[in-house]
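Step one of this worksheet: look at the structure below.
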Amino acid sequence: MNEFIKIDHEKIEDNPFKLIGKDWMLLTAGTKEDFNTMTASWGGFGFLWNKPICHIYVRPQRFTYNFTEKYDCFTLSFFNEKYREALKICGSKSGRDIDKVKETGLTPLETENENVYFEEARLVIECRKIYHQDINPEYFLDDSIKSNYPNNDYHRMYIGEVINTLRKEKV
């Protein structure tokens, strides 16, 4: 049986560039009764304002945006490669149109703070929102960035303080 154990965020051994950019993650916000999740591959980890943080990006038209705005916390769930198809579904279909849990077979669980993550994940990072800002194209210093926004649908950046880190352990 696999169970999650709480670890210090400094014990994360994964390469963050691979973890986010190649492996992808599920960004989830809400309660077990009212949540949505989406696949994301933009973000990062660091240390800011004397806190361990992550930063994520959500476009306003994404269904998950409403949940990220409404709730104080979010989780980032990371999976093994065998869940790639589930991540593809969560990134290409909207929770407005389908039940992502039913479509993917993923099993929602709750953290001790009642935030949603998934039993099938191997690593979970729980964050409390501490800042947000809309991306403003006026501040792009590299014109090539504009190609990511052909519809001028700029992301909102959220900075979250890492409040819990869970890793799956075999027991």
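The values are calculated or read from the model by the stated rules, or taken from the named source; none is laboratory data. Computed from a predicted structure; not experimentally measured. Quick reminder, even Gly has a Cβ in these numbers, built from the backbone with ideal geometry, and neighbours come from all protein chains shown. Side chains included, ligands, DNA and RNA excluded: accessible areas come from the protein's heavy atoms. Shrake-Rupley method; radii C 1.70, N 1.55, O 1.52, S 1.80 Å.
Can you find even one residue in the range 105-113 that is open to solvent by 50 Å² or more (accessible area, probe 1.4 Å), within 21 Å of T68 (Cβ to Cβ) and under 14 Å from the mean Cα position of the chain (by Cα)? No. The single condition among (1) in contact (Cβ under 8 Å) with a residue 12 or more places away in the chain; (2) surrounded by 12 or more Cβ atoms within 10 Å (Cβ to Cβ) that I145 does not meet is (1).
Is there a residue in the range 130-141 that is part of a loop (DSSP other than H, G, I, E, B), open to solvent by less than 50 Å² (accessible area, probe 1.4 Å) and farther than 27 Å from D72 by Cβ? Yes, the conditions are met somewhere in the range 130-141. So for the range 78-89 (the condition being modelled with pLDDT of 95 or more and aliphatic (A, V, I, L, M)), does at least one residue qualify? No: zero hits. Residues in the range 15-33 that are open to solvent by 10 Å² or more (accessible area, probe 1.4 Å) and either within 18 Å of E112 (Cβ to Cβ) or touching a strand residue (DSSP E or B) at 6+ places or on another chain (Cβ under 7 Å) (or both): P16, D23, W24, T31, K32, E33. Among the residues of the range 34-49 satisfying the criterion of being farther than 19 Å from Y117 by Cβ and in contact (Cβ under 8 Å) with a residue 12 or more places away in the chain, which is least open to solvent (accessible area, probe 1.4 Å)? In this case the residue turns out to be G44. Counting only helices (runs of 4 or more DSSP H) that fall entirely inside the range 60-116 and contain at least 3 residues that are farther than 19 Å from H132 by Cβ and in contact (Cβ under 8 Å) with a residue 12 or more places away in the chain, the qualifying elements are 84-92, 100-104. Only one of (1) touching a strand residue (DSSP E or B) at 6+ places or on another chain (Cβ under 7 Å); (2) touching a residue at least 60 places away in the same chain (Cβ under 8 Å); (3) within 19 Å of L166 (Cβ to Cβ) fails for K11. Which number is that? Unmet condition: (1).
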